[in-house]
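Data first, discussion second: the structure below is written as structure tokens.
The values are calculated or read from the model by the stated rules, or taken from the named source; none is laboratory data. Note that this is a predicted model, so its numbers are computed, not measured. Neighbour counts run over all protein chains shown; Cβ positions are idealised from the backbone, glycine included. SASA here: full protein model, heavy atoms, side chains in, ligands and nucleic acids out. Shrake-Rupley method; radii C 1.70, N 1.55, O 1.52, S 1.80 Å.
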Amino acid sequence: MTPRRKKRLALVLALVLGLGATVGLVLYALNQNMDLFYTPTELVNGKPDGTKPEVGQRLRIGGMVVKGSVKRDPESLEVSFKVADVGPSVTVTYDGILPDLFREGQGIVAQGVLVGPTTIKAHEVLAKHDENYMPPEVADAMKKNHSKLQYTEEQLQGSAQ
């Protein structure tokens, strides 16, 4: 092989390795920033495909703030509250100023880290902006769970007759 071909081969190999490393780092960075969306029922029972989040995983959770569940620490900005859809509730803790529209019975989306089986340490809490708006993920999940709940109620009524 001539010295000229060796230089070209070395240049092409370096280019391919550099491009491969760049693509690998980009994919790794994107994977680290991905937050999966869960409803409280999916968080406790798992998604239909059987996946459940692990402690330490970043995620987003959406649902309604349970009435009477908001507890504020008088010494700091820490707030804890429960979020539920049609099933079990999940506790969310947040250290910061909540949105102006945050209140009990309101739909919210919280982004944070799962610190226990049913506890999330949120770093961001978003509240819906009016009574007609709900994030698409929350609306779809609540619609699915609501239809499942109606179906089981109809089954129960049918079996009682």
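Taking each residue of segment 32-53 that is open to solvent by 70 Å² or more (accessible area, probe 1.4 Å) and modelled with pLDDT under 85 and looking for partners that are of a type in the set (F, W, Y) and in a loop (DSSP other than H, G, I, E, B) with beta-carbon atoms closer than 6 Å, six or more apart or interchain, yields nothing.
Among the residues of segment 61-92, count how many are in contact with a Pro (Cβ under 8 Å, 6 or more places away or on another chain) and polar (S, T, N, Q).
Number of matching residues: 1.
For segment 79-119, a residue qualifies if it is in contact (Cβ under 8 Å) with a residue 40 or more places away in the chain, open to solvent by less than 30 Å² (accessible area, probe 1.4 Å) and among the β-branched types (V, I, T), and the qualifying residues are V83, V90, I108, V109. Would you confirm, using the coordinates I've provided, whether R58 is closer than 30 Å to K143 by Cα, open to solvent by 60 Å² or more (accessible area, probe 1.4 Å) and not aliphatic (A, V, I, L, M)? So R58 fits the description; yes. Looking only at residues that are closer than 12 Å to G62 by Cβ and modelled with pLDDT under 70 in segment 108-144, which one is nearest to the chain's Cα centre (by Cα)? So, considering only residues that are closer than 12 Å to G62 by Cβ and modelled with pLDDT under 70, the one nearest to the chain's Cα centre (by Cα) is P135.
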